[in-house]
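Read the structure below first, then the notes.
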């Protein structure tokens, strides 16, 4: 399927909200889009109240005119179903369709994502508005793509959710005996004797059951996916030639399993919003891009949203320096995105995100920001020729939604674990060494990789463990770090040495977890240092690569080990290494690439993409890229 339909080259544009502006602004918008080189905009994401001002009464006249104007101006439309923000009339008519928090509080209308995906009234209303849009616009010449919903992730612990959860559990476990065994129900007298006794995870007097919580996250991901599929199938029926997607977003608040969702979308669309204004923004952007490419599995993907002029950190918005918008876009394009899209086209005058940056600022076209937008738009057509070339790498990082979800509740862990930081650390150290890495699911196909790194993959199912065994025995190099394989898919501990039952493969047993005080490090012999978490390891055939030089109980004990297994080898890092120590380990494993710290270099077929984020010129081979610049060149054969 060709996507987006009718868009030549790379996509450039963003969310367009014409319903927020007087109609006389629309012609100006189209003219400015042409000036900037915009060829695709997302329309209608939050327009439900305008499209259906009263239940069952629709007003499409304004959208007809917008679609026609954009099409006549050469701008294609990614038309959204507006189900992420039900209008006030809906929530007043159906109060049972509002989200319920774990403490039982029912949220009220006044923001976005105020819906309970499990509520029958919401499901019916979602399909009704999607059906009306499909019937009216499926054949419109400006329509390039359907955009279902927006940033799925709204959870609910309502009675509707509980009924659906019980059904999901019955389908998964078949019987209460199986569920009680999987959830270790004998603990704290939590054995269930009737399905109706099972609730959504609620605020409890003390610690909750980790297996219960993990299954609810899996269930929520499946329920949200079901809402997407219902709309997708309806839209597909109206016109099978139009590609359909939804935009993924990254965060603990969005409990969706992208590996599972990826099979149901025609392309991966991702919203990238780095959370720190320093060099972490570039690191996060690169990680977001590599995750998106990996979820896509070789199929198309697109950077659907980013902020043009600012970075939204916990301390508030921080302005991007000149050229940073283009560099962030090029990180994604170099790593496989078929373009650069933004939220949003024109900065809003009111509403909760009135200060969110946009391609057209409040001050209009005669601004530094819009000049950057125009300049970048002029450069994009020349980059399209390399967009179809694959990115080849033999290094992969395991990405486990189960491990992320399960470690989010620190109370049920031996110590505080930041799974996302552990994954990000591996990615940034590899990136600083010039290595572009894929991500893979623990049960996924590993055959294309020489090295697979499993950072603190806390939840390791039996299927995933056997997958790693097969990979290593077949000649792969597995590098796993502390707490990998601590529990199985039911959050039950792997006995007799943890490690997902792979103690023979690693040639060690982990006998004790030894969390360390914050702010203290434990030196390793000739290998840097560890912090926060260490494990006591007993050698069972593995070779000790380095030992702890300091620390009670662990001094002179193995810290990093390697064990030959079949045609491959299994490495184990029994602690949280500092970046320097990971760098030394990767150096010893000869994991290196053409990039430099602060300089992204990605080779795609004959093309080389270079983005220099530093304040000094960078020399990559014969190519010199100025400070803050970027370049796409054809490599010499």
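The values are calculated or read from the model by the stated rules, or taken from the named source; none is laboratory data. None of these values were measured; they are calculated from a predicted model. Positions of Cβ are generated from backbone atoms using ideal geometry, with glycine treated the same way; all protein chains shown enter the neighbour counts.
Restricting attention to segment 66-88, does a residue exist that is touching a strand residue (DSSP E or B) at 6+ places or on another chain (Cβ under 6 Å), in a strand (DSSP E or B) and closer than 30 Å to residue 162 by Cα?
yes
State which residue is nearest to residue 285 (Cα to Cα) when the search covers only segment 407-424 and only residues that are touching a strand residue (DSSP E or B) at 6+ places or on another chain (Cβ under 8 Å) and assigned to a helix (DSSP H, G or I).
Result: 423.
Looking at segment 582-611, I want the residues that are under 28 Å from residue 530 (Cα atoms) and have a partner that is buried (at least 17 other Cβ atoms within 10 Å of the Cβ) and modelled with pLDDT under 95 with Cβ atoms under 6 Å, at least 6 apart or on another chain. Which pairs are those?
584/527; 584/528
For residue 373, indicate whether it is in contact with a helix residue (DSSP H, G or I) (Cβ under 9 Å, 6 or more places away or on another chain), under 30 Å from residue 604 (Cα atoms), in contact (Cβ under 8 Å) with a residue 60 or more places away in the chain and not assigned by TED's automatic domain parsing to the domain that holds residue 502.
Considered against the rule, which asks whether it is in contact with a helix residue (DSSP H, G or I) (Cβ under 9 Å, 6 or more places away or on another chain), under 30 Å from residue 604 (Cα atoms), in contact (Cβ under 8 Å) with a residue 60 or more places away in the chain and not assigned by TED's automatic domain parsing to the domain that holds residue 502, residue 373 comes out as yes.
With 7, 45, 41 as the choices, which residue is in contact (Cβ under 8 Å) with a residue 12 or more places away in the chain, surrounded by 22 or more Cβ atoms within 10 Å (Cβ to Cβ) and part of a loop (DSSP other than H, G, I, E, B)?
Answer to the selection: 45.
Name the single residue, out of those in segment 320-349 being at positive phi and assigned to a loop (DSSP other than H, G, I, E, B), that is farthest from the chain's Cα centre (by Cα).
Here the answer is 323.
Here's the yes/no breakdown for (1) at pLDDT 95 or above; (2) over 22 Å from residue 611 (Cβ atoms):
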site	(1), (2)
335	yes, no
338	yes, no
356	no, yes
363	yes, yes
369	yes, no
372	yes, no
386	no, no
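Listed residues 332, 362, 356; which is assigned by TED's automatic domain parsing to the domain that holds residue 85 and in contact with a helix residue (DSSP H, G or I) (Cβ under 9 Å, 6 or more places away or on another chain)?
332
For segment 182-196, enumerate the residues that are surrounded by fewer than 18 Cβ atoms within 10 Å (Cβ to Cβ) and in contact with a helix residue (DSSP H, G or I) (Cβ under 9 Å, 6 or more places away or on another chain).
186, 190, 191, 192, 193, 194, 195, 196
Mind checking which residues of segment 414-435 are within 17 Å of the chain's Cα centre (by Cα) and within 26 Å of residue 611 (Cα to Cα)?
Correct list: 420, 421, 422, 423, 424, 425, 426, 427, 428.
Taking segment 299-319, which residues are free of Cβ contacts under 8 Å to residues at least 12 places away in the same chain and in contact with a strand residue (DSSP E or B) (Cβ under 8 Å, 6 or more places away or on another chain)?
319, the sole residue that qualifies.
Among the residues of segment 294-306, is any within 20 Å of the chain's Cα centre (by Cα), under 28 Å from residue 361 (Cα atoms) and in a loop (DSSP other than H, G, I, E, B)?
Within segment 294-306, one or more residues are within 20 Å of the chain's Cα centre (by Cα), under 28 Å from residue 361 (Cα atoms) and in a loop (DSSP other than H, G, I, E, B).
Look at residue 593 and say whether it is modelled with pLDDT of 95 or more, outside the structural domain of residue 466 (by TED's automatic domain parsing) and closer than 27 Å to residue 393 by Cβ.
Considered against the rule, which asks whether it is modelled with pLDDT of 95 or more, outside the structural domain of residue 466 (by TED's automatic domain parsing) and closer than 27 Å to residue 393 by Cβ, residue 593 comes out as yes.
Which of the residues spanning segment 214-263 are more than 16 Å from the chain's Cα centre (by Cα) and in a loop (DSSP other than H, G, I, E, B)?
Matches in segment 214-263: 239, 240, 241, 242, 243.
Tally up the residues in segment 119-150 that are within 24 Å of residue 92 (Cβ to Cβ) and touching a strand residue (DSSP E or B) at 6+ places or on another chain (Cβ under 7 Å), please.
Looking only at that region, the number is 5.
Within segment 226-243, work out how many residues are over 15 Å from residue 137 (Cα atoms) and crowded, with 21+ Cβ neighbours inside 10 Å.
2
Could you look through segment 580-630, keep only residues that are touching a helix residue (DSSP H, G or I) at 6+ places or on another chain (Cβ under 8 Å) and in a helix (DSSP H, G or I), and pick out the one that is surrounded by the fewest Cβ atoms within 10 Å (Cβ to Cβ)?
583
Is there a residue being within 26 Å of the chain's Cα centre (by Cα), surrounded by 14 or more Cβ atoms within 10 Å (Cβ to Cβ) and under 18 Å from residue 126 (Cβ atoms) anywhere in segment 203-210?
no
Among the candidates 317, 358, which residue alone is farther than 12 Å from residue 303 by Cβ, within 22 Å of the chain's Cα centre (by Cα) and surrounded by 13 or more Cβ atoms within 10 Å (Cβ to Cβ)?
317
So residue 544 passes all but one of these: (1) touching a residue at least 24 places away in the same chain (Cβ under 8 Å); (2) outside any helix (DSSP H, G or I). Which condition number does it fail?
Every listed condition holds for residue 544 apart from (1).
Is it the case that segment 556-574 has a residue that's assigned by TED's automatic domain parsing to the domain that holds residue 474, without any contact (Cβ under 8 Å) to a residue 24 or more places away in the chain and part of a loop (DSSP other than H, G, I, E, B)?
Within segment 556-574, one or more residues are assigned by TED's automatic domain parsing to the domain that holds residue 474, without any contact (Cβ under 8 Å) to a residue 24 or more places away in the chain and part of a loop (DSSP other than H, G, I, E, B).
What is the number of the single condition among (1) assigned by TED's automatic domain parsing to the domain that holds residue 45; (2) at pLDDT 95 or above; (3) surrounded by fewer than 24 Cβ atoms within 10 Å (Cβ to Cβ) that residue 154 does not meet?
Of the numbered conditions (1) assigned by TED's automatic domain parsing to the domain that holds residue 45; (2) at pLDDT 95 or above; (3) surrounded by fewer than 24 Cβ atoms within 10 Å (Cβ to Cβ), the odd one out for residue 154 is (2).
Please verify whether residue 240 is touching a residue at least 60 places away in the same chain (Cβ under 8 Å) and not assigned by TED's automatic domain parsing to the domain that holds residue 183, treating the condition exactly as stated.
Here the answer is no, as residue 240 does not meet what is asked.
From the list 167, 174, which one is under 30 Å from the mean Cα position of the chain (by Cα) and surrounded by fewer than 19 Cβ atoms within 10 Å (Cβ to Cβ)?
So the residue among 167, 174 that is under 30 Å from the mean Cα position of the chain (by Cα) and surrounded by fewer than 19 Cβ atoms within 10 Å (Cβ to Cβ) is 167.
Just wondering, is there one or more residues in segment 133-140 that are in the same structural domain as residue 109 (by TED's automatic domain parsing), modelled with pLDDT of 95 or more and closer than 27 Å to residue 107 by Cα?
The answer is no; no qualifying residue exists.
Of the conditions (1) farther than 17 Å from residue 86 by Cβ; (2) under 27 Å from the mean Cα position of the chain (by Cα), residue 138 fails just one. Which one is it?
(2)
Can you name every one of the strands (runs of 3 or more DSSP E) wholly within segment 447-531 that holds 3 or more residues which are crowded, with 19+ Cβ neighbours inside 10 Å?
Result: 451-454, 477-481, 508-515.
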